[in-house]
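S.K.: The structure that follows is given in the form of structure tokens.
The values are calculated or read from the model by the stated rules, or taken from the named source; none is laboratory data. Quick caveat: nothing in here was measured; it's all calculated off a predicted structure. Every residue, glycine among them, receives a Cβ derived from its backbone with ideal geometry; neighbour counts consider all protein chains shown.
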Amino acid sequence: MTTSIGIDVGSGVIKTALFRVENDQSEWLARWDARIRQRDSFKLVEESVEYVLEKAGLKRSEIDYIATTGEGESIKDSTGHFYTMTTHARGALYLNPEARAVLDVGALNGRAIAIDGRGKVLNYRMTSQCASGSGQFLENIARYLGIAQDEIGGLSVQSTNPEKVSSICAVLAETDVINMVSRSIPPSDILRGIHESMADRLIKLLKSIDVTGGVVMMTGGLALDIGLVKAIQDGMDKQKMVTKVATHPDSLFAGAIGAALWGAFRHDKLQSLGQLRKAS
Amino acid sequence: MSTKTVKDIVANCQEIFEDLDFRRAREWKAAVPGRKVIGYMPVYVPREIVHAAGMLPLGILGGGADMEVIHGDAYYQSYICRIPRSTIELAITGKLDFVDGMMFPSICDVIRNLSGIWQLLFKDKYVRYFDAPQNFKDEVGGVFYANELRELKEGLEQLGGRKITDADINNSIDLYNENRRWVNRVYDFRSDYPWKAPSAEVYLLMRAGMVLPVEEHTRLMQEYLAAADAESRPVKDNCRVVLTGAFCEQPPLNLIKSLEMAGCYIVDDDFMMVNRWLQRDVPATGDPIDNLVKAFLHHSAETPAKYEDDINVKGAYLLNTIAKRGADGVIFAAPSFCDPALLDQPMLISRVEARKIPYITMQYAENSGQMQPIREQAGTFADSIKLWGAA
């Protein structure tokens, strides 16, 4: 039996998951997430670890591997670090065993990842440095429109006449939106236009790594945005891609889940190699 | 032994590394009237002879990540690496005005041409194109190299105004043997306990040796090893890599840090090969020129700047290093436009591929600023080794 913690330090939210793994069976014992909001990430991580340990009724000494991912390389008490693509691939597979590709859309960028049935990354591509494919961009738009973030998806799916928005540049897109507001375009049409613009970029990423079929699992903060998920599925259908987009209520935790599961895997591998010192 | 902490020692090394005015070398020179400083570029020069002349050998490895190159760009085409431009910039902006002479080893055409530019720009300085042989037979390359060393010795005698005796050189050989032994101990320690001796620290420690007198650098390494051994640091589940290709223009310090943060412990490298070029102690008795020649011909490291005529031997140094250090993979990191590194790379890759040793390639310049792609590449490389490899 191996017990591991996965900590995903995102640019907007920190997610922590505690797992127990035995004979390929994994049990998710505890979870924690919080928006960073200009607080000290290291303190939040410490808080999260204390929380999941207490929730699972475990002591720190009972944890076999603490794995970080995302921006968590500098966390001192971790056993090892896995890169974002690696952990989201594994997390997506945990949440949906049919997944053969992942769209990880977080606060700062989006990634398309092709995976196999073991969660191995076969190929990946990221959005460029422009923010117009990211959650931060959507947050800004929500602020301009005076709506709460959790209203975005619900409004978007009500759209009847989406307004086209620049998909090239966040600055241009934000200018577009300000003009739309002054032209009294309904928020639902503006949001759907933005979702279509983001979906267009994300579908291009998937195609660039030859994902044209199978289940694409959404992970990251925007996996819970039903408007974006629908826009991506509609965009794929329009392009006659035989791809099904899936999401999960726990998609936000995909990185932390993947980190915890890979951590447990790594612990067992080192143990079998007699090299546990590497992870002490 | 001193009780200095790792933090103190590394801070001292970092200060030396960042100081493009070379304050420590200037102070050494100013301490005794008549002292002289001789700059040298990568990959190898016999520092023993410079030291025997009573002079300070000063390693010049370009202007680093933060120096703005304005004048230097006028001397080289855009498809030439950055180290000659930033080195000229250092000189033209007066940062090397205290340096009495410069040695340019025969590493590549660019550095050879830099020696010519130096002669034109700084007519009052001692300038030597240090032409090391690419033939390693005693009766051919050995004779040539012995003459080269004698010419160097005579040149430094003229510059210094005094004879350099065999005893002087043997004494210096002794000191550099000692220095190399400690360099190797630091490398061994890092390989055994990579979490106790992060590569960025080891790098700064070795960079300090480019500026400090050899005796002082040896003491610094002794202090570092004692302090690093005593300090408790967390072990990370990283993969172990050998980094190769960075023997001339140096990567920015952030690149080295990024590789380790991304999950790759660097357990060997070819930074500043001058301090490990000779693989064995050089005899410190007898004819010192003859001893330095034999060490160069028969016991020197393999780098792309050195011709290897036996295709079966090519790459053996890298393969031996991988085996000796128990490395899981190789990072081929070459400066952009570095002919020796990039021309050698396919041959070395064919050797590691044949043995199914994982590797990645990357290019950098000394002022590369974007570390995200490096982290991404190194991070996924580390993950693939840890999860899907034998490690």
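S.K.: Residue A:104 - would you say it is over 17 Å from residue A:12 (Cα atoms), within 14 Å of chain B (Cβ to nearest Cβ) and of a type in the set (Asp, Glu)?
M.R.: So residue A:104 does not fit the description; no.
S.K.: With (1) free of Cβ contacts under 8 Å to residues at least 12 places away in the same chain; (2) more than 24 Å from residue A:84 (Cα to Cα); (3) touching a helix residue (DSSP H, G or I) at 6+ places or on another chain (Cβ under 7 Å) as the list, and residue A:235 as the residue in question, which single condition is left unmet?
M.R.: With respect to (1) free of Cβ contacts under 8 Å to residues at least 12 places away in the same chain; (2) more than 24 Å from residue A:84 (Cα to Cα); (3) touching a helix residue (DSSP H, G or I) at 6+ places or on another chain (Cβ under 7 Å), residue A:235 is out only on (1).
S.K.: Could you check the stretch B:226-239 and list, in sequence order, the residues that are closer than 14 Å to residue B:194 by Cβ and more than 12 Å from chain A (Cβ to nearest Cβ)? Give the steps one after another, and end with the answer.
M.R.: Keep residues of the stretch B:226-239 that are closer than 14 Å to residue B:194 by Cβ, which gives B:228-229, B:231, B:233-239.
Listed by number, the residues that qualify are B:228, B:229, B:231.
S.K.: For the stretch B:245-268, give me the residue count where each residue is over 23 Å from residue B:66 (Cα atoms) and more than 10 Å from chain A (Cβ to nearest Cβ).
M.R.: Residues flagged as over 23 Å from residue B:66 (Cα atoms) and more than 10 Å from chain A (Cβ to nearest Cβ) within the stretch B:245-268 amount to 4.
S.K.: Could you please let me know if residue B:326 is within 14 Å of chain A (Cβ to nearest Cβ), over 23 Å from residue B:185 (Cβ atoms) and not polar (S, T, N, Q)? Don't jump to the end; show me each part of the working.
M.R.: On the way: within 14 Å of chain A (Cβ to nearest Cβ): yes; over 23 Å from residue B:185 (Cβ atoms): no; not polar (S, T, N, Q): yes.
The answer is no for residue B:326.
S.K.: Which numbered condition trips up residue A:125, out of (1) within 18 Å of residue A:223 (Cα to Cα); (2) at pLDDT below 90; (3) part of a helix (DSSP H, G or I)?
M.R.: (3)
S.K.: Looking at A:203, A:178, A:194, which one is β-branched (Val, Ile, Thr) and surrounded by fewer than 21 Cβ atoms within 10 Å (Cβ to Cβ)? Walk me through it before giving the result.
M.R.: Details: A:203 fails: surrounded by fewer than 21 Cβ atoms within 10 Å (Cβ to Cβ); A:194 fails: surrounded by fewer than 21 Cβ atoms within 10 Å (Cβ to Cβ).
Result: A:178 is the single residue among A:203, A:178, A:194 that is β-branched (Val, Ile, Thr) and surrounded by fewer than 21 Cβ atoms within 10 Å (Cβ to Cβ).
S.K.: Within the stretch B:309-334, take every residue that is of a type in the set (A, V, I, L, M, F, W, C) and under 26 Å from residue B:135 (Cβ atoms) and give me the one that is modelled with the lowest pLDDT.
M.R.: Filtering the stretch B:309-334 for residues that are of a type in the set (A, V, I, L, M, F, W, C) and under 26 Å from residue B:135 (Cβ atoms), the one modelled with the lowest pLDDT comes out as B:311.
S.K.: Report the residue count in the stretch A:113-122 for those that are on the phi < 0 side of the Ramachandran plot and either away from chain B (no Cβ under 14 Å) or in a loop (DSSP other than H, G, I, E, B) (or both).
M.R.: Residues that pass the stated criteria total 4.
S.K.: Looking at (1) buried (at least 17 other Cβ atoms within 10 Å of the Cβ); (2) within 26 Å of residue B:305 (Cα to Cα); (3) touching a residue at least 60 places away in the same chain (Cβ under 8 Å); (4) not hydroxyl-bearing (Ser, Thr, Tyr), find the lone condition where residue B:72 falls short.
M.R.: The number of the failed condition is (3).
S.K.: Can you tell me which of (1) within 27 Å of residue B:390 (Cα to Cα); (2) within 14 Å of chain A (Cβ to nearest Cβ); (3) not in a loop (DSSP other than H, G, I, E, B) is the one residue B:242 doesn't meet?
M.R.: Answer for residue B:242: the failing condition is (2).
S.K.: Looking at the stretch A:43-60, can you tell me whether even one residue there is within 14 Å of another protein chain (Cβ to nearest Cβ) and either buried (at least 18 other Cβ atoms within 10 Å of the Cβ) or more than 17 Å from the chain's Cα centre (by Cα) (or both)?
M.R.: Yes, some residue in the stretch A:43-60 is within 14 Å of another protein chain (Cβ to nearest Cβ) and either buried (at least 18 other Cβ atoms within 10 Å of the Cβ) or more than 17 Å from the chain's Cα centre (by Cα) (or both).
S.K.: If only one of A:211, A:245 is at pLDDT below 95 and either of a type in the set (Lys, Arg) or buried (at least 24 other Cβ atoms within 10 Å of the Cβ) (or both), which one is it?
M.R.: On the way: A:245 fails: at pLDDT below 95.
After applying the criteria, what remains is A:211.
S.K.: Among the residues in the stretch B:125-134, are any over 27 Å from residue B:92 (Cβ atoms), surrounded by fewer than 17 Cβ atoms within 10 Å (Cβ to Cβ) and in contact (Cβ under 8 Å) with a residue 12 or more places away in the chain? Give the derivation first.
M.R.: Our first condition is that a residue be over 27 Å from residue B:92 (Cβ atoms); within the stretch B:125-134, this holds for B:132-134.
The next check asks that each one be surrounded by fewer than 17 Cβ atoms within 10 Å (Cβ to Cβ); those that pass are B:134.
Now drop any that are not in contact (Cβ under 8 Å) with a residue 12 or more places away in the chain, which leaves B:134.
Yes, the stretch B:125-134 has at least one match.
S.K.: While we're here: Hey, could you check the stretch B:340-388 for residues that are more than 10 Å from chain A (Cβ to nearest Cβ) and of a type in the set (Gly, Ala, Ser) and say which is farthest from residue B:79 (Cα to Cα)?
M.R.: The extreme case among them is B:354.
S.K.: Let me ask something additional. What is the one condition in (1) touching a Phe, Trp or Tyr at 6+ places or on another chain (Cβ under 7 Å); (2) at pLDDT below 95 that residue A:41 does not satisfy?
M.R.: (1)
S.K.: Looking at the stretch B:174-194, which of the residues that are among the aromatic types (Phe, Trp, Tyr) and crowded, with 18+ Cβ neighbours inside 10 Å is farthest from the chain's Cα centre (by Cα)? I'd like the intermediate steps shown before the answer.
M.R.: If we filter the stretch B:174-194 for residues that are among the aromatic types (Phe, Trp, Tyr), which is where we start, we get B:176, B:182, B:187, B:189, B:193.
Applying the additional criterion that residues be crowded, with 18+ Cβ neighbours inside 10 Å yields B:176, B:182, B:187, B:189.
Values: B:176: 15, B:182: 15, B:187: 13, B:189: 19 Å.
Of everything passing the filter in the stretch B:174-194, B:189 is farthest from the chain's Cα centre (by Cα).
S.K.: Still on this structure, please answer the following. Could you grab the pairs with beta carbons closer than 7 Å, sequence gap of 6+ or different chains, first residue in the stretch A:254-266 and more than 11 Å from chain B (Cβ to nearest Cβ) and free of Cβ contacts under 8 Å to residues at least 12 places away in the same chain, second one assigned to a helix (DSSP H, G or I) and buried (at least 24 other Cβ atoms within 10 Å of the Cβ)?
M.R.: none
Okay, residues lined up against (1) more than 22 Å from the chain's Cα centre (by Cα); (2) part of a loop (DSSP other than H, G, I, E, B):
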residue	(1), (2)
A:139	no, no
A:162	yes, yes
A:176	yes, no
A:180	yes, no
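Per-residue answers, yes or no, for (1) touching a strand residue (DSSP E or B) at 6+ places or on another chain (Cβ under 9 Å); (2) in the same structural domain as residue A:127 (by TED's automatic domain parsing); (3) of a type in the set (Ser, Thr, Tyr):
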{"position": "A:176", "(1), (2), (3)": "no, yes, no"}
{"position": "A:202", "(1), (2), (3)": "yes, yes, no"}
{"position": "A:214", "(1), (2), (3)": "yes, yes, no"}
{"position": "A:229", "(1), (2), (3)": "yes, yes, no"}
{"position": "A:240", "(1), (2), (3)": "no, yes, no"}
{"position": "A:263", "(1), (2), (3)": "yes, no, no"}
{"position": "A:266", "(1), (2), (3)": "yes, no, no"}
{"position": "A:271", "(1), (2), (3)": "yes, no, no"}
{"position": "A:274", "(1), (2), (3)": "no, no, no"}
